[in-house]
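No value in this document is a laboratory result; all are computed from the given coordinates. Predicted, not measured: the structure shown is a model, and the values here were computed from it. Here the Cβ positions follow ideal geometry from the backbone for every residue, glycine too, while neighbour counts run over all protein chains shown.
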Amino acid sequence: MDRISALRNVEEALRAFEDGEADLVTTEERVLAALRTYATEFESEGQAALAAFRAVSGPADGTVVVAADAREARARVAALSAADEGSVEVERV
């Protein structure tokens, strides 16, 4: 899913909420689903090839970041959590 599609999905979820067609829980689920799909199908359109990586161990388990490679992903996960970079393992999503 590209960024525009993700934004459209979020907009549709918000519109349904505002129109009374969906409650808050349903809206949150739709927005979260759009974000998760965007993150796991992420494809870089910029100069550097980026990919989504998920932490697969330790206190940051499940954290997903976008990075150029696994080394950069480990550093980003460590910066976003209390984890030591050396203890973070990541896999490409």
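Structure summary
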item	result
Ser57/Leu7 FRET efficiency (R0 41 Å; Cβ-Cβ; nearest 0.05)	0.80
Contact order relative to length of the chain, as percent, for alpha carbon pairs under 8 angstrom and 6 or more apart	22
Protection proxy ranking, peptides 23-34, 68-79, 6-17, average beta carbon neighbours within 10 Å, highest first	68-79, 6-17, 23-34
For Glu18, net neighbour charge (Lys/Arg +1, Asp/Glu -1) across residues whose Cβ lies under 15 Å away	-4
Phi-based couplings in Hz for region 85-92 (Karplus 6.51, -1.76, 1.60; Gly and Pro marked x)	3, x, 9, 8, 10, 10, 9, 6
Helix axis angle, 24-40 relative to the chain longest principal axis, alpha carbon, degrees	40
